[in-house]
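Engineer: Structure incoming, see below.
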Amino acid sequence: MKVLIVILFLAIVASLGSALMFLMQDQGRSGRMAWALTWRVGLSIVLFLFLLLAHALGWIDATGVPATVG
């Protein structure tokens with residue numbers, strides 16, 4: 001489970017890096033940067049939905065700071 005989450009996160013970071021590379025190379029004259037950013041948004045949504053599903057199915061547990069203070 002952790003490996004899949006890390007792979008998705010690294011794909012998001014790689015897509016962001018490729019968008020920066022396309023911005024520097026093409027200087028905004030092509031649509032490659034927009035496609036890379038579109039992939040980044042799509043991958044982020046997939047990761048978020050996967051985390052919600054994994055929590056709902058009990059594959060991962062919520063730990064850390066409690067929701068209520070007191």
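Engineer: What are the residue pairs meeting all of these: first residue in region 30-53, first residue on the phi < 0 side of the Ramachandran plot and assigned to a helix (DSSP H, G or I), second residue surrounded by 13 or more Cβ atoms within 10 Å (Cβ to Cβ) and hydroxyl-bearing (S, T, Y), Cβ atoms under 8 Å, and 6 or more apart or on different chains?
Structural biologist: Final answer for the pair search is A36/S15; A36/S18; L37/S15; W39/S15; R40/S15; L43/S15.
Engineer: Here is a further query. Listed residues L23, L53, L37; which is surrounded by 12 or more Cβ atoms within 10 Å (Cβ to Cβ) and within 19 Å of the chain's Cα centre (by Cα)?
Structural biologist: The unique qualifying residue is L37.
Engineer: Collect the residues in region 1-20 that are surrounded by fewer than 14 Cβ atoms within 10 Å (Cβ to Cβ) and touching a helix residue (DSSP H, G or I) at 6+ places or on another chain (Cβ under 9 Å), keeping them in residue-number order.
Structural biologist: M1, L4, F9, V13, G17, L20
No value in this document is a laboratory result; all are computed from the given coordinates. Here the structure is a predicted model, which means the values were calculated and not measured. We place every Cβ from the backbone using ideal geometry, glycine too, and count neighbours over all the protein chains shown.
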